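The values are calculated or read from the model by the stated rules, or taken from the named source; none is laboratory data. Note that the structure is a prediction, hence the values are computed from the model and not measured. Reconstructed Cβ throughout: ideal geometry from the backbone, glycine too, with neighbour counts over all protein chains shown.
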Amino acid sequence: MIKIMKDETILFLKSVPLFSSLNNKEIETLADNSRTITYEKGDYIFKKSAFPNAVYIIMKGIVKEIVIDSNDFETVVKNRRVHDYIGEIGVLLQEPYVSTAIATNSVELLEIPREFFCHLTYNHVKITKFIIKTLCLRLQNSAETHLSFLMFNSEGRIAYRILMLSRELERNANKIETTQETLSQMCGVARQTLSNILGGWKKDGIILTHRGYIEILNKEELVEVFLGNTIIR
């Protein structure tokens, strides 16, 4: 059983883009120094200000990262999915986590201890470069999100966020895995406001809402909604 679990971990690690530069022996060593853990919906993987002990690779499920401001207002930074990793910045900087990570459904993670992950990045410059590149993309997405808050009303922000979530998936998928609660937090709108707007788009044949995901039926029309709801003329 233990060998089967290790073989599965090795197979998974070979599919993670972050570790694509590692050879088979290095992947096996990484598997030996990691462990698989599970969380249920609503469980905290880590909380802001906690000292980082590990980096986590998502093997199954979705994890949402949130930030909380001085007024205790929660904003969803990103939904992390299979092959994504969380906690790396705190580990590399040896600083407390800057966000909180919560399981949005049943989640399986690969936990890599702080010391071993730092050893990996120190000895493999390609891993470090990959992290830096990903961080730059995250900063760009963050800047675009802040700009959307300044330029667009509630309807425009919701359309923008759905389109961005679609773009992040392979081949611009039309099925977006997210809850309405999470989407409302991402867009900075009330849950009821989001529900009303999505209901209108559903009547217009732009989207369909399902339990746990939103399906885009007419992406061109959704783009028109986004472009037509700027508050800066």
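Residue-wise test of (1) within 28 Å of THR179 (Cα to Cα); (2) surrounded by fewer than 19 Cβ atoms within 10 Å (Cβ to Cβ); (3) of a type in the set (Phe, Trp, Tyr).
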{"residue": "SER49", "(1), (2), (3)": "yes, yes, no"}
{"residue": "LYS60", "(1), (2), (3)": "yes, yes, no"}
{"residue": "LYS64", "(1), (2), (3)": "yes, no, no"}
{"residue": "LYS78", "(1), (2), (3)": "yes, no, no"}
{"residue": "HIS83", "(1), (2), (3)": "yes, yes, no"}
{"residue": "ILE89", "(1), (2), (3)": "yes, yes, no"}
{"residue": "ASN105", "(1), (2), (3)": "yes, yes, no"}
{"residue": "THR128", "(1), (2), (3)": "no, yes, no"}
{"residue": "THR134", "(1), (2), (3)": "yes, yes, no"}
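For the list (1) modelled with pLDDT of 90 or more; (2) in a loop (DSSP other than H, G, I, E, B); (3) not aliphatic (A, V, I, L, M), I need the number of the one condition that ASN71 fails.
Against the list (1) modelled with pLDDT of 90 or more; (2) in a loop (DSSP other than H, G, I, E, B); (3) not aliphatic (A, V, I, L, M), ASN71 comes up short only on (1).
Quick one: is ASP7 farther than 18 Å from PRO113 by Cβ, exposed (fewer than 13 other Cβ atoms within 10 Å of the Cβ), of a type outside the set (A, V, I, L, M) and more than 21 Å from the chain's Cα centre (by Cα)?
Taking the combined requirement at face value, the residue satisfies it.
Among the residues of the stretch 204-215, count how many are modelled with pLDDT under 90 and either assigned to a helix (DSSP H, G or I) or more than 16 Å from LYS175 (Cα to Cα) (or both).
Number satisfying all stated conditions: 0.
Quick one: TYR56 ticks every box in (1) closer than 18 Å to PHE130 by Cα; (2) assigned to a helix (DSSP H, G or I); (3) not hydrophobic (A, V, I, L, M, F, W, C) bar one, so which box is it?
(2)
Every residue, every condition in (1) on the phi > 0 side of the Ramachandran plot; (2) among the β-branched types (Val, Ile, Thr); (3) assigned by TED's automatic domain parsing to the domain that holds THR104; (4) modelled with pLDDT of 85 or more, yes or no:
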site: ARG157; (1), (2), (3), (4): no, no, no, yes
site: ILE162; (1), (2), (3), (4): no, yes, no, yes
site: SER166; (1), (2), (3), (4): no, no, no, no
site: LEU169; (1), (2), (3), (4): no, no, no, no
site: ASN172; (1), (2), (3), (4): yes, no, no, no
site: LYS202; (1), (2), (3), (4): no, no, no, yes
site: LEU217; (1), (2), (3), (4): no, no, no, yes
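Does the stretch 87-113 hold any residues that are closer than 18 Å to THR9 by Cα, β-branched (Val, Ile, Thr) and out of contact with any helix residue (DSSP H, G or I) (no Cβ under 9 Å at 6 or more places or on another chain), and which are they?
VAL107
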